[in-house]
1. Could you please state, rounded to a whole Å, how far the C-alpha centre of the stretch B:172-198 is from the C-alpha centre of the stretch A:519-586?
2. Put the label 7 Å from Cα along Cα→Cβ for A:F521; what are its distances to the other copies, in nanometres, shortest first?
3. Which of the listed residues, B:N458, B:L439, B:T390, is farthest toward the dipole's positive end in the stretch B:359-459, when Lys, Arg count +1 and Asp, Glu count -1 at the beta-carbon?
4. Helix B:434-446 sits at what angle to the longest principal axis of chain B, using alpha carbons and giving 0 to 90 degrees rounded to 10?
5. Net charge within 13 Å of B:L701 by Cβ-Cβ distance, Lys/Arg positive one each and Asp/Glu negative one each, not counting B:L701 itself?
6. Could you point to the residue in A:G6, A:Q30, A:Y19 farthest towards the positive end of the stretch A:1-72's charge dipole, with +1 and -1 charges on the Cβ of Lys/Arg and Asp/Glu respectively?
7. Name the long-range amide H neighbours of B:E451: under 5 Å, sequence gap of 5 or more, or other chain; modelled H, no Pro or chain starts.
8. Which of B:S670, A:S433 comes first, and how do the rest follow, when ranked by fewest Cβ neighbours within 10 Å?
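Coordinate-derived values only; no laboratory data. The structure presented is a predicted model; accordingly, all values stated were derived computationally and were not measured. Here the Cβ positions follow ideal geometry from the backbone for every residue, glycine too, while neighbour counts run over all protein chains shown.
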2 protein chains.
Amino acid sequence: MLNHFGKQIQKFQRFPFLYEGQFGLEKEVQRVTTAGELVTTKYPASLSLSQGQPYLKPNFTTTQIKVVTDRFSSIHEMYHQLQGLDDVLTQNLATAERLWPLSMPPKLPDDQAIKLTTQERAHYKQPVSKRSLKSQMIAAIRLNFSLPTRLLLVLYEDHYQDKYDSYLEFHNAAYLKVAQNYQHYRYILTYLFGASPLAEMNFYQSGQAKPAKLVRSLANSQRYGYANQTASQISFASLAQYVQDITTCVKQEKLANSREFNVPVLLQGRELSKLTSEGVTHLELRNLELDPFALDGISEDDLDFMQAFVIYMLILPSIAQQKVSSILQTAAEQNEQVALEDPTRASALQVPLTEFIQGMQKFVVDFAAPKRLQTAVNRMAERVIDFKKTPAYLLSQQVSQQSLSHFAVKQANTTYNDQTQVVYQLRGYQDLSLSTQALLRAAIQVGLHVEVLDRQDNLIRLSYQKQSEIVKQGSLTSKGNQLSGELSANKTVLKKLLGEAGFAVPMSAEYQTQAAALTDFSDYAKRGIVVKPRCGHNGAGVTVFKLPPKRAAYAAAVSTAFKFDQTIMVESFVVGSQYRFLVISGKVKAVLEQTPANVVGDGRLTIQQLIEKKNLTRGENQTKPLEKIPLDGPTAANLTQQGLQLTTIPVRGNLVYLGDTANPITGGDSVDMTTDVDVSYCHLAERVAAELKLTVAGIDLFIDNPYKAVTDEHPELGMVLSVTNQPSLIEHLFPYYGEAQPVAQQLLQSLFPKAFH
Amino acid sequence: MLNHFGKQIQKFQRFPFLYEGQFGLEKEVQRVTTAGELVTTKYPASLSLSQGQPYLKPNFTTTQIKVVTDRFSSIHEMYHQLQGLDDVLTQNLATAERLWPLSMPPKLPDDQAIKLTTQERAHYKQPVSKRSLKSQMIAAIRLNFSLPTRLLLVLYEDHYQDKYDSYLEFHNAAYLKVAQNYQHYRYILTYLFGASPLAEMNFYQSGQAKPAKLVRSLANSQRYGYANQTASQISFASLAQYVQDITTCVKQEKLANSREFNVPVLLQGRELSKLTSEGVTHLELRNLELDPFALDGISEDDLDFMQAFVIYMLILPSIAQQKVSSILQTAAEQNEQVALEDPTRASALQVPLTEFIQGMQKFVVDFAAPKRLQTAVNRMAERVIDFKKTPAYLLSQQVSQQSLSHFAVKQANTTYNDQTQVVYQLRGYQDLSLSTQALLRAAIQVGLHVEVLDRQDNLIRLSYQKQSEIVKQGSLTSKGNQLSGELSANKTVLKKLLGEAGFAVPMSAEYQTQAAALTDFSDYAKRGIVVKPRCGHNGAGVTVFKLPPKRAAYAAAVSTAFKFDQTIMVESFVVGSQYRFLVISGKVKAVLEQTPANVVGDGRLTIQQLIEKKNLTRGENQTKPLEKIPLDGPTAANLTQQGLQLTTIPVRGNLVYLGDTANPITGGDSVDMTTDVDVSYCHLAERVAAELKLTVAGIDLFIDNPYKAVTDEHPELGMVLSVTNQPSLIEHLFPYYGEAQPVAQQLLQSLFPKAFH
């Protein structure tokens, strides 16, 4: 009855609805040693691995971890999260541990040595059979797929109201149709994605017949893979029958529970017994294997293909009810044939494979699929044309001494190195600010639920049990003074408030016109000053005169500052270094000394070469923890002031400053001083935060000597330069020199005290 | 020794410093009936008049109020506050009360009928003499003037270090010089500002000799005015002598306390006994009179002149110490002469007056005084040239039956009407948002200390005792969610959060490209929708389709919305009216129904004429509580849709809508519904505010029927449309129809519970 789906969709141009849906992924992985053997260690201590952890969970045996994404309305978003989760998992492995990149397990120890998790031990009423134990060691990927509800609703209203008693009945029928077709064409997926040509040592039961040669997919073969014998006893002819069959099997204790039922696709709902009355919520696709060539065990491209494939199952004709049983039986045999074929040769089913993929290629065009789906289908078509592009073939070329262990260890090392190298970034979230990425990483590690509310605004939501907190830009939370943004940005008001409260602030004056600023020149002709736009950022438009300026230079600085704001400020230049104090929940958690951009001579390289060398690990526009030192404008001007040039070769050990402002944004260095600075400055910074009612704050102080306490008699030893309510976290996590401070975790601890115990 | 001041200043170009300083003003006023008689009523109950009130204080008798400004670093700022204080005072008078505009009191009752305030009764150890009682009824203006400290400091460092033992000594010498010169040239001020040609009935003691005819200034005459006999016993020859003389007078009980010493100028410090050791803080200039021709009793121009005059006293040569006594004696006689001259003729001192004012004109040019000072001096020069421009002459022309009462009542009424007409504005603060003005008015009335931190940002600070609160835009306080601004502005995130929390929100979708928005057209072809920019404001770029749109109209709306944002939203059009709920401290305090712009036909006027009539009391750009209905673009388009034109004459009583959006900014009406709306909607709005952790919030709901409760079963009866953390106060204070709600006061009450008891 659902055969005309496609026509209805084309008729009403429902194409965009067709590519909606909800997607979630679960991935199991084995922890191994760098020699490729299952680990005997406990779960990583730095990961809060518990049943309450939403993303990284203990799984079956103590060697396995399950990575679980949230449900998303696009594959793309889901894949982003998967990447982030993989990053966190890998970065928390012990130094000598790796993740096994194959679905088939590495060489297994004696059965007794495989330790079930506490939860699994409680779970199994009977001892787990050896067969079951080993098939559970095959790592699976499961894709949860909800069909586009808007599409089903609209089609029902427009066309199927007469043909079904209720929307629910229509909805369930659509899901059943997809589940049937999915099994019908399952061999296609086994051909395309099969990636288990052999089993490592100890996988087979003693006396079990092994395949004589390499195959496409042991994992997806009925005989060797994770499917269990009960699978064939479940009917997909109707939803009612499906529910009844599973229920019977569980009663007869053929299955530990309904989720044990290992077939390529499951119809899932809130509760099995209410599947018919409440409706199917999603399909659980269970026949995907880990792709050792993809960094995350599966590529986004493959997932895009899966989306197209499932939707194609909805568009293809239905199987007549009376034929379901026989057709699915044939399909199972077809799949077994493909699974156990020699991967180094073309498939015996080349003709139907070709026809099928051509059908899909036409479908994605006719039904205006998004470009990414069309691309994915075309790429899979190449695998059909050329079996040498299938993972099974590629793996067959890596087999050595009847084992893939050597290859797997190599891949595991590559992945490990890739994911532990750029640890200031979290893959999948690189478009967010580095501080937001750092906070997300810490949150996943701790076991908080994370959600990006708005990527452009760097607005994320973190949750733990019933508590949730929104954070902007990595450190702006709902706690604290609603006006703090105002007060941070309005330097004049800030200084007034702090000055009144008894804090030492640099002298400053404000001007709306160049004439007014020039009139006061005589007052500035006797001291070092800083000329800056009132609401400037990151040092733009700022001129620093360490020595009293000449009138012309002062006038130029005024003119420059006015390019950035209608109001400019002239402040006294304060001798000393600039320090950033990070306050969380009223306490200083980290202190950085911020120095202007500089290089240290080695007696051989020119200043330009020294800068280029230093810049190698630095980035631009805050994409790395430290910013590149600019080679142009300010640097050159600064050198000229010092009588130097870019081509000068400084004496070995000589420190050459290249900038005036200690802002890290202009290429400066940051040195962790958290435990070194005199505690009186921490107290000072904490009092400033308290005065402005800031819960999280970055307080910038000018300090003459960080080892000498600031006193009530000499408040000028610690001048308050500026305050921000959105302090960067990343600079404390990756200082140029000194110890990293775990500020992301500390911020989470202040937000979610219950999650830390 | 200070004779060369001027040269030093010119040499070092210290001109800007010269015009710094600190300024504060105190003004006494008498409350009178509309017949010009002293009131017998108590102080206005709506004003919190107490000693703790910083601005409006009880004074001497129950008929007097003293208006006291803060200290400001410019006359201009101080004058702004004076205007605001006068507004609040006048607006809180009983309907039949006025403020007497003259320094000389109105007809006095029997001495027994003059009731001292509780505080004054406690203050006087002995019964107040009749003479003193009456002279205290003369209302004075006192200007507190601190000399420019930066100027004194720099001059001392540069030039006077050798000549004085310390900066303090130099500083005190400068103040003393000004005080001496001020008295020396005091007759100038009496001529320029004298405004008391006669006394009303009962002022003179029985048997006291009265002036035979009108004079320039009774108030400033030694014989009749507020100066008391002790004045001449105080020496200004040195600061030490000055302090000793006053102390002696007080000991001999000739003065109730040191502040009673009524001379034209007092040297003031924290404490009289420490004046020498701690230094003079300011001069108290006591010889100004109320100017009945100025709305606020004194014009800003006159105050500007006073600034120039005082600074000129600093520049003029000093009086040699041994000559001080005799010169000041002569000066007092000169002043008495001018004070008691006939105001309808030129002064006998015309020659020295002219020389003096010409000297000042030269001074303000030579010393680069700000233009406002130059203007003020030139205007005073005209009074010297032509006595008919002096207030004394002008008042002499208003005398009728030996009284100024008739004139004074007329002036009092004019002032009263002026200041009670535009009550949504607070003079002196009109550049701030109307809601900020409303909050300032309420704060002054309640007795809070007010301060504008940043006019452009509408950032003010209110204080009571030790507590202070900063408020932005009239309603954004430090309380509440720091992220609320984010959440209010990001409509997508807001809807997501509210939807998840179980609130009904309109359907909405977001698009980044026109193509994507157009693809979904089929989904919108069946219902009313609203197309809008994601982060738009005040209805700009919004198109409303009450009926399902045609494709072309939809495309045009999409294109329009994209002009305002890179992301647009399509929302379902919800039937019902829009209501604004103002939540303060978790409770709904006011509810407005907001209707789109409209006119009601009278059967004679065209739509255009009806709009113009309705617009008469409306403003533009939020300068009035209600906005003008636009005659162009949207209105015309809306009429066309209805088959109407601007020239159509609607039937009498016919309501014609002219806009689609109920936003008051687009000329809509607002109807107070605070007590009418079903309380369930208030609870709904309060829950929304609580969900977003907003202390103060404006919640916009779509409500189908405000009298029918919203229920858990039908949440769609109250849809949450938008939320703001900076709600307008003014629209509740001045609704188009219905009762005003005292929301400014309620907000203050939530911020300063202690100030309300």
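1. Between the Cα centre of the stretch B:172-198 and that of the stretch A:519-586, the gap is 43 Å.
2. 6.4
3. B:T390
4. Result, in degrees: 50.
5. -4
6. The residue sitting farthest along the positive end of the dipole is A:G6.
7. Amide H neighbours of B:E451, under 5 Å, 5+ apart: B:R461.
8. Numbers: B:S670 23, A:S433 20.
The order, fewest Cβ neighbours first, is A:S433, B:S670.
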